[in-house]
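To start, the structure under review is shown below, and the notes come after it.
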Amino acid sequence: MAKAVRFKPVRSYNLNIADYNIRVIAAEDGPDLQPSERFRGSITNHVTQDIAIKVHHGAVNVPEDAERVLVAPYLVEVKGYKVNRKDNFWSVYRHNADLYLITNFPDSPSGKRAMLKFSLIFPEWDLWIENAGASTDPLDYPLDGLVLYYLTAINSDIMIHASGVYYDTQGYLFSGTSGKGKTTLAGIWDNVGAQVIHDDRLIIRNRGGIYRMFNTPVNKGDVPRSAPLNKILIIEHGVENCTLNLRESSAITSVIANCIQHNYDPEMIARFLGSVSLLCSKIPVSRLSFKPDRSIIDYLLKNEFQQSYSEAFEGHRFYASF
Amino acid sequence: MADLNTIVSRSKSIVGRKTGSEYVLIPVSNNIADMESVFTINETGAFIWEQMDGKKSIEELTNLLMEEYEVDYQTALADITGFVETMRDYLVIETA
C-alpha cells in the first residue's frame, strides 16, 4: 500500500465539510495532529464551529453502567459478497446524555484505536487515541464518516449512498447500493461537462427550505463541492432507459433503503424517517433503469422538459410515467 | 386465527409515519432500525393502523371499517382479519 501523504503536524485545524464546521484541537497531553492529504481542500480558516473535537493520547474506560447500543462488524466486499472480517469494528455506548464510540482503524499499521466521547446536544467532543505515536490523523477511516454521520443526525440531514451531478441548473442524485451504477452514471455525466459532486456518497442538507447535496473528502485531491438537489433517481442497470415515478411512501422506502444510518433508538429513527419524508415531499423521486451510455443523458434531459410541461399545465409535481 | 374479541395493538417495535394517506413503518430490533424490512401500508391499512389503540377488538375494528368505507360486514371482516394476520406474521402488530 502506498504511504498516505500527510500535512506537517499542527496543534489545531478547522475543517469545513458539507458546510459543517469542525474544529480539531490537540489537548495539552495530546498528539500532534496530521490530517491526511484528502482533507487539504476542506481545511479552512472559519472561526465558527458546529463541533470541537479535543484529541488526547491514550484510553479511558466507558462508564460501567453504560449501555451498548450499536455494534458494527467490519464488512468487506469480495466479488460482490460481503465478508465479515472481524467483529466489533466499532461500537457505540450510551450513558445518560453522553455517547461513547469505540473504533479500530483498519488502515492503521500501528494498531491505533480510539474512543470518541460525544453528545448529540453539546458541541464539545473528546477523542482519546491509543497508539497514536507523536502525530496522527485523528479522523482516519472510519472516524471521519462516523463524525459526519452524527453531525447529520444532529442536524436532521441525510447521508446516502449516491452519486450526484449538476448540469444546466439541475442537480441529479443517483442512489443505489454497490454495483447499481452510481459511478458509471457520474462518469457519463462527467464526459459531457457536468459537475460531479461525488460518485459514491453524499450528504443532503435542507438549507432554509432548499435541498443541497454535498460531497465529503474521500480521496486525495477532493475539494468541497455542492449543488442544489432537484431530482432523486433510484438506479439500476437495464436494457433501455426507463423511469417510474414513485408516490410518496414508495419514494420514502426507496430512499431509506440507500441511506447510511446508525440510529440506535426509536426516537432517532422517527426523526430520521421525518427527514426522509420531508425530502421526498419536496424532491421528486423516480426509479431509473438505464443503459450505460450517453443516451441516458438525452433521456433525462427530455424528461425534465416534460416534467416542466406537466407542472405548468396540469399542476402536478409528478409527471406521467414513460 | 384471531377471533372477534381479540384485542389488536401496534407493536412497540415499530416506528411509523403517515405520508399522504399511507403509512411507512420501520421495524426496530434491538434498538436498530431494520431498513431492509420497511413496510408501506395503503389508505385502508392506514385507517386500520390508526384505529388499533390496544383497546379495540377485531369486531370493533370491523364495524369502524364498515362505517368508514361503506362496505358490508363480511367484506370489512375479511379485510381486518387479512390485515391482522399478515401484520402479525411480520411482527408489526400484537394481539391479545
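Taken together, the residues in the stretch A:153-182 that are hydroxyl-bearing (Ser, Thr, Tyr) and surrounded by 23 or more Cβ atoms within 10 Å (Cβ to Cβ) amount to 3.
Under the condition of being among the hydroxyl-bearing types (Ser, Thr, Tyr) and at pLDDT 95 or above, which residue from the stretch A:9-41 is most open to solvent (accessible area, probe 1.4 Å)? The extreme case among them is A:12. Restricting to the stretch B:42-63, what's the tally of residues that are within 17 Å of residue B:21 (Cα to Cα) and either in contact (Cβ under 8 Å) with a residue 24 or more places away in the chain or open to solvent by 50 Å² or more (accessible area, probe 1.4 Å) (or both)? Count: 9.
Counting only residues that are in a strand (DSSP E or B) and in contact (Cβ under 8 Å) with a residue 24 or more places away in the chain, the stretch A:196-210 holds 10 of them. Scanning the stretch A:227-274 for residues that are within 22 Å of residue A:70 (Cβ to Cβ), more than 7 Å from chain B (Cβ to nearest Cβ) and open to solvent by 30 Å² or more (accessible area, probe 1.4 Å) turns up A:262, A:267, A:271.
Applying the selection to the stretch A:218-266, what residues are farther than 27 Å from residue A:301 by Cβ and of a type in the set (Asp, Glu)? Scanning the stretch A:218-266 gives A:222, A:265. Determine whether residue A:138 is open to solvent by 10 Å² or more (accessible area, probe 1.4 Å) and of a type outside the set (Gly, Ala, Ser). The answer is no for residue A:138. Selection of the stretch A:275-302 for residues being open to solvent by less than 20 Å² (accessible area, probe 1.4 Å) and of a type outside the set (S, T, N, Q) yields A:276, A:279, A:280, A:283, A:284, A:285, A:288, A:290, A:296, A:297, A:300. Residues of the stretch A:211-259 that are part of a strand (DSSP E or B) and not hydrophobic (A, V, I, L, M, F, W, C): A:211, A:212, A:226, A:228, A:231, A:236, A:237, A:243, A:245. The lone criterion from (1) part of a strand (DSSP E or B); (2) within 11 Å of chain A (Cβ to nearest Cβ); (3) open to solvent by 30 Å² or more (accessible area, probe 1.4 Å); (4) not acidic (Asp, Glu) left unmet by residue B:12 is number (1).
The values are calculated or read from the model by the stated rules, or taken from the named source; none is laboratory data. Here the structure is a predicted model, which is why all the values come from computation and not from measurement. All Cβ positions, glycine included, derive from the backbone under ideal geometry; neighbour counts span all protein chains shown. All accessible areas refer to the heavy atoms of the entire protein, side chains included, with ligands and DNA or RNA removed. Shrake-Rupley method; radii C 1.70, N 1.55, O 1.52, S 1.80 Å.
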